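*Asks:* The following block contains the structure, expressed as structure tokens.
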Amino acid sequence: MPFPGTPDPTRICLKNGFNSNLLYEMVFTAKNPLVLGTGYAATRDIISFFHNDASDSNGTANPIAGLVKKVISAGVSQSGSFIRSGIHLGFNADEQGRQVVDGAWPQIDGRQLYMNVRFALPDVITNLYMMSDEAPVWWADYPDLARHFGPEGMLDRCKASRTCPEIMETFGSLEMYDEKMSPNLIGFTAQGDIPLPQNVHRYYFPATTHGGGCRRLHLCRQSASVRRLHPAGQSQSGIGYGRCAAGGFRRLRHEWQADAAQRLPHPARP
């Protein structure tokens, strides 16, 4: 069949074929966007159901009714962005206005997912032709000085509904230059430090990769391995890295104000 053949909306044809030495760019008008971002509502609703309800609207019993006392969400990298965006978009309040999670642990990520637009993508790293990040990316109310926007922060909606969780934010060296973590600390113009709200507890792990560089890393007593980034910059010991930490948030909840070096034995190396 002579070129261009039978039209097919799923294929791109070029007479005489494609040249592998060239970069081709196709511009087109998209249509029929899907309804996206429903995962925020689904996550909110299932957590609220397990936490609060005896049965669902169809009469199906909650198998753990009455057993849930506190809820902690934890996410690594992209799922950490999901946690941040869920809080920012107001999904830590259920449809009855009740708080959904009591604690949130977004790990090794400084972004928000860009899901609240048509044709959104669950983007990872913002590269050429990829979606950007939802804004703002800092917790406290702070102005976007680069674009001359007024103060806002990721906690605005939960503060209005009184449903803000305690937040533990952990990140390492790679996140500063590859996961766009620095605007969380200094904004887009680096004119000063952004204040950290009292319910946000931030920990930095120097000299780490995006995955931590290990399969098992326990809470340890090496005080130099962790620094809590509060205005005073005090050193805080005893924190394991992100997804590798054994007992992670549950143990930290009791230990982050104590001297863990005196409480926890140094783990044996595998």
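The values are calculated or read from the model by the stated rules, or taken from the named source; none is laboratory data. All of these numbers come straight from a predicted model, not from anything done at the bench. When the accessible area is computed, the model is the full protein with side chains, heavy atoms only, and any ligands, DNA or RNA have been set aside. Shrake-Rupley method; radii C 1.70, N 1.55, O 1.52, S 1.80 Å.
*Asks:* Students sometimes get this wrong: rank 36, 22, 155, 67 by accessible area, probe 1.4 Å, all chains present, largest first. Numbers along the way, then the final one.
*Replies:* Values: 36 65, 22 105, 155 5, 67 125 Å².
Result, largest first: 67, 22, 36, 155.
*Asks:* Once phi is turned into ³J(HN,Hα) by the Karplus curve 6.51 cos²θ - 1.76 cosθ + 1.60 with θ = phi - 60°, what whole-Hz value does each residue of region 163-170 show in order, with x for glycine and proline?
*Replies:* So the J values, rounded to whole Hz, are 10, 6, x, 6, 10, 10, 10, 10.
*Asks:* Could you list which residues have their amide H under 5 Å from that of residue 74, counting only those 5 or more apart in sequence or on another chain, with H placed in the peptide plane?
*Replies:* So residue 74 has HN proximity to 105.
*Asks:* Please list, ordered by chain and number, the residues whose modelled amide H lies under 5 Å from the amide H of residue 208; skip anything fewer than 5 residues away on the same chain.
*Replies:* Answer set, sorted by chain and number: 173, 174.
*Asks:* Could you please put 154, 130 in sequence from largest to smallest accessible area, using a 1.4 Å probe?
*Replies:* 130, 154
*Asks:* Each residue of region 174-186 in turn: what ³J(HN,Hα) in whole Hz from Karplus with 6.51, -1.76, 1.60 and θ = phi - 60°, glycine and Pro shown as x?
*Replies:* 4, 5, 6, 10, 10, 10, 6, 7, 4, x, 4, 9, 10
*Asks:* In terms of modelled amide H atoms, which long-range or inter-chain residues lie less than 5 Å from the amide H of residue 169?
*Replies:* 201, 202, 203
*Asks:* A further question follows. Keeping all protein chains in the complex and leaving out DNA, RNA and ligands, what accessible area do you get for residue 180 with a 1.4 Å probe, in Å² to the nearest 10?
*Replies:* Accessible surface of residue 180 is approximately 60 Å².
*Asks:* Per residue of region 45-54, in order, report the coupling 6.51 cos²θ - 1.76 cosθ + 1.60 (Karplus, θ = phi - 60°) as ³J(HN,Hα) in whole Hz, putting x for Gly and Pro.
*Replies:* Once θ is set to phi - 60°, the couplings for region 45-54 become 6, 6, 5, 4, 4, 5, 7, 10, 9, 7 Hz.
*Asks:* With a 1.4 Å probe and all protein chains kept in place, how much accessible area does residue 193 have, in Å² rounded to the nearest 10?
*Replies:* Solvent-accessible area, nearest 10 Å²: 130 Å².
*Asks:* Sticking with this one: Round to the nearest 10 and report in Å² the accessible area of residue 189, as given by a 1.4 Å probe over the protein chains' heavy atoms.
*Replies:* Residue 189 exposes around 50 Å² with every protein chain in place.
*Asks:* If you don't mind, another one. Which value results when the Cα radius of gyration for region 38-109 is divided by 2.2 N^0.38 Å?
*Replies:* 1.13
*Asks:* Any aspartates and glutamates with Cα under 18 Å of the residue 31 Cα? List them, leaving off those in the same chain fewer than 8 positions away.
*Replies:* Cross-link targets: 8.
*Asks:* Would you list, by chain and number, the lysines whose Cα falls below 20 Å from the Cα of residue 159, excluding same-chain residues fewer than 8 positions away?
*Replies:* Within reach: 70.
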